[in-house]
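Notes to accompany the following structure.
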Amino acid sequence: MLAKVLSSAVIGVDAYLVEVEIDIASGLPAFAMVGLPEVAVKESKERVRSAIKNSGYPFPDDRVTVNLAPAHIKKVGTGFDLPIAMGILAATGMIPPDRLRQVLFLGELSLDGRVKGVRGSLSMALAAREAGFRSIVVPHNNRREAAVVETVAVYPVHHLSQAVAFICDASSIPAQVCDNAPMLAMDPECPDNFADVKGQTHAKRALEVAAAGGHNLLMTGPPGAGKTMLARRLPSILPPLNFEEAIETTKVYSVVGMLDADQALIAHRTFRAPHHTTSDAGLIGGGMVPRPGEVSLAHNGVLFLDELPEYKKHVLEVLRQPLEDGCVTISRASSSVTFPARVMLVAAMNPCPCGYHGDPAHACTCTPRQIHHYRSRISGPLMDRIDIHIEVPAVPYKALLGDARAECSEDIRARVMVARQIQAKRYGRAKVYCNAQMGPRHIKRHCRIGPEAMDLLEQAIERLGLSARALNRLLKIARTIADLAGEEAISMHHIGEAIQYRSLDRKPSAT
């Protein structure tokens, strides 16, 4: 007898539907699986056999053939256990086959019949909705993330017998309900606050501009100046994710298995800080079965690279395409996978190998050649993709021990939120969430400047030797500064402040 069950699998961070076909024919006992299954999928034969028997159902003593269609795509993961088991039970007449047609199944089976969680259930629920399905049976551990998808009824199961009972009696399991609005409205839990930062007024202003426009930022300063401290407080002033951004971010974490069982949605911007010994595959993703890297885990959030010149040069160079396109494409002989990678890059570095070039309190021991070699570890094309360059000097002793109260993150975040609301209204339905994501068409339309500002910009281009890309980024920064000021027109002082944020375009002075 032939039975068909619908399931799903993931490629990259997106899912596609898989039709699981089970045929039971007379012959010697055998269990064959076709449709390009990888090792974990092939091993499901033994899990399914034991789960069915230990759940109290008979396993056929005939020839069982399982086909996973479409057959030209390699099947990866353990989520086919439950649909295969349901198909075998339908083919043997234990459950009515016609009731399987409008339900999508996914789940890994234990030998005793328990249903374990799988990766990528959010993507699979989205694929089910796009295909027109209204019901999906998922492991109990995946119930919250799958229920985020509206218009799809999510039925969580603990055991194979529960799934069988659901098909025989649809009222046996209540659908999981998830309210997305309260999760998105929650304030981020950030233990670090800008109120802890003494001095560094210029750096905090630059971080505010970067947060308001989603701009990449590089901080240069001596050891102990507070670069890492500032970077780790950046999430406390970033605006919350909207629903589309939250879905995109949650899909990445769901695919790599980093989503907690009780977590339905990642509602706040992530902060990733990989060590400088990380590989290019660890940073942008890769492997035999490509999986997302740190740049994708920081999607819609912050990617912090401390001690930037200490990263291997080829590792830094692979960042150029993600920073420009907002995605990572990994090609293999059999397929090509694209991961989202729209990040806000924040980096920190010392001005020289010893760290004290330009510091009035410490003498620099580096030669000009050493300084040049140190800074040349970061290529010009990569530097061009970083909007804001600022110097973070050491904080004076009196400022560190002073009683002056620094501005807290809540006040800065309020201004950032107002600027982001202006940008959301400006771009409307276009998939542009902040000024840093503007394309040439948007820059031409929204970054018009007057004659005086144009003259100042021309002088800066001549003196700093800015590239066309750096010029566009300068205009984007000026647009953000104007938004923070609540002004529609970009004026001369907005351009002037934006130029100050290109400190590394100036020629370094000799020691």
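The values are calculated or read from the model by the stated rules, or taken from the named source; none is laboratory data. Computed from a predicted structure; not experimentally measured. Methodologically, a virtual Cβ is constructed for each residue, glycine included, from the backbone with ideal geometry; neighbour enumeration extends over all protein chains shown. Heads up: the accessible areas ignore ligands, DNA and RNA and are worked out on the full protein's heavy atoms, side chains in. Shrake-Rupley method; radii C 1.70, N 1.55, O 1.52, S 1.80 Å.
Structure values in brief
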{"read-out": "As computed over the range 113-260, the Cα convex hull volume per residue (Å³)", "value": "146 Å³"}
{"read-out": "Reachable aspartates and glutamates, given that their alpha-carbon falls under 16 Å from the alpha-carbon of residue 4 and they are not under 8 places away in the same chain", "value": "19, 21, 23, 81, 98"}
{"read-out": "Phi-based couplings in Hz for the range 362-379 (Karplus 6.51, -1.76, 1.60; Gly and Pro marked x)", "value": "9, 7, 7, 9, 8, 7, x, 5, 5, 5, 4, 5, 5, 6, 6, 5, 9, 5"}
{"read-out": "Approximate spin-label separation residue 405-residue 441, in nm, with each point projected 7 Å along Cα-to-Cβ", "value": "4.8 nm"}
{"read-out": "Simple label model, 7 Å out from Cα along Cβ direction - residue 275 to residue 73, nm", "value": "3.7 nm"}
{"read-out": "Carbon plus sulfur fraction of accessible area for the range 1-135, probe 1.4 Å, in percent", "value": "51 percent"}
{"read-out": "Options 148, 26, 422, ranked by Cα towards positive dipole end of the chain, top entry (Cβ charges)", "value": "422"}
{"read-out": "Straight-distance crosslink candidates among aspartates and glutamates, where the alpha carbon sits under 15 Å from residue 312 and sequence neighbours closer than 8 are dropped", "value": "280"}
{"read-out": "Inter-label distance, nm, simple model (7 Å from Cα along the C-beta direction), residue 53/residue 1", "value": "2.1 nm"}
{"read-out": "The chain - accessible surface per residue (Å², probe 1.4 Å)", "value": "45 Å²"}
{"read-out": "Accessible area of the range 314-431 belonging to carbon and sulfur atoms, whole % at 1.4 Å probe", "value": "55 percent"}
{"read-out": "Alpha carbon convex hull of the range 290-365, volume per residue in cubic angstrom", "value": "99 Å³"}
{"read-out": "Cysteines without a disulfide-compatible partner [the chain; Cβ-Cβ under 4.7 Å]", "value": "168, 178, 190, 327, 354, 364, 408, 434, 447"}
{"read-out": "Contact order normalised by residue count of the range 368-502, Cα under 8 Å, 6+ apart, percent", "value": "33 percent"}
{"read-out": "Across 53/74; 251/431; 431/476, pairs whose alpha-carbon gap is larger than 21 Å", "value": "53/74"}
{"read-out": "Sequence ranges 344-353, 492-501, 442-451, ranked by mean other-Cβ count within 10 angstrom, highest first", "value": "344-353, 492-501, 442-451"}
{"read-out": "Three-way shape call for the range 1-42 based on the alpha-carbon gyration tensor, with the a/c threshold at 1.5", "value": "oblate"}
{"read-out": "Modelled FRET efficiency - R0 30 Å, residue 488 with residue 463, Cβ distances, 0.05 increments", "value": "0.55"}
{"read-out": "Equivalent ellipsoid semi-axes, the range 385-511, via Cα gyration tensor eigenvalues times 5, rooted, Å", "value": "27, 23, 13"}
{"read-out": "Assigned charges on the beta-carbon of Lys, Arg, Asp, Glu; the chain dipole about Cα centre (debye)", "value": "820 debye"}
{"read-out": "Hz values of 3J(HN,Hα) by residue in the range 35-42 - Karplus curve (6.51, -1.76, 1.60), Gly and Pro given as x", "value": "x, 6, x, 8, 4, 4, 6, 4"}
{"read-out": "Kirkwood Rh (inverse of mean 1/r, distinct Cα pairs), the chain, angstrom", "value": "25.5 Å"}
{"read-out": "DSSP beta bridges in the chain [antiparallel fraction, %, rounded to 5]", "value": "45 percent"}
